[in-house]
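Trainee: Sharing a structure with you now.
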Amino acid sequence: MTGRFGIDTSVLVRLTSRQPESEFLRCVGELRDLLVGGAEIVASNQVIGEAYVAIQHHYGVTKVAARATLLDVFESGVVEPLNGEPVLELLREPGGPGLVDRLIVDGYSRNDIETLTLDRRMANLPGSRLL
């Protein structure tokens, strides 16, 4: 089936956690069937941010491990970030403002909107300003 599909947080969490294994395998199988049919499968910045927080909370992984796991999923070729390579670069960047803050600024910047924040670290990002 050709077309573009956006996954929700539950799918990305399943792909990162691989739990339960039977559901993970079913999910990957369904997504691969779509890919074979010519589909493109993407995850929005919101889904990526929610999954990042969820896998830390529910699976007890560190922020570094959560970023690495998300990056692994995207590099597998099954799903890609809706906003492409720049989001992969955000996942690779250590330190500084958090991943969710970076995703927020990235999303606004794509629409030529400057981010206003009360967070001093976030305000240091290009496209962001301290309120």
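Quick note: the coordinates plus some simple rules give every number you see, no bench work behind them. Since this is a predicted model, take the numbers as computed values, not measurements. Note that each Cβ is placed from the backbone with ideal geometry, even for glycine, and that neighbours are counted across all protein chains shown.
Trainee: Can you list the GluC sites (Glu not before Pro) in the range 48-131 that are in a DSSP coil and have 16 or fewer other beta carbons within 10 angstrom? Don't jump to the answer; show the numbers that get you there.
Mentor: Details: sites: GLU50, GLU75, GLU89, GLU114; in loops: GLU114.
Sites meeting the loop and neighbour criteria: GLU114.
Trainee: Considering only LEU71, VAL53, LEU82, whose Cα is most displaced toward the positive end of the charge dipole of the chain, charges sitting on Cβ of Lys, Arg (+1) and Asp, Glu (-1)?
Mentor: Looking along the dipole axis, the top candidate is VAL53.
Trainee: Oh, and also: Which value, to two decimals, describes the C-alpha radius of gyration of the range 3-93 once divided by 2.2 N^0.38 Å?
Mentor: On the way: Rg = 12.3 Å, N = 91, 2.2 N^0.38 = 12.2 Å.
Normalised Rg, Cα atoms only: 1.01.
Trainee: Share of antiparallel DSSP beta bridges in the chain, in percent to the nearest 5? Before the final figure, lay out the partial values.
Mentor: On the way: 0 of 9 bridges.
Here the share of antiparallel DSSP bridges comes out near 0 percent.
Trainee: Name the residues whose placed amide hydrogens come within less than 5 Å of the amide hydrogen of SER44, ignoring near sequence neighbours (fewer than 5 apart) on the same chain.
Mentor: ILE7, LEU82
Trainee: Using alpha-carbon positions, what is the distance between the centroids of the range 103-126 and the range 36-72, in Å?
Mentor: Rounded to whole Å, the Cα centres lie 21 Å apart.
Trainee: Here's something else I'd like to know. What's the Cα-based Rg to Rh of the range 88-131, Rh via Kirkwood?
Mentor: Values: Rg = 9.8 Å, Rh = 10.4 Å.
Radius of gyration relative to Kirkwood radius: 0.94.
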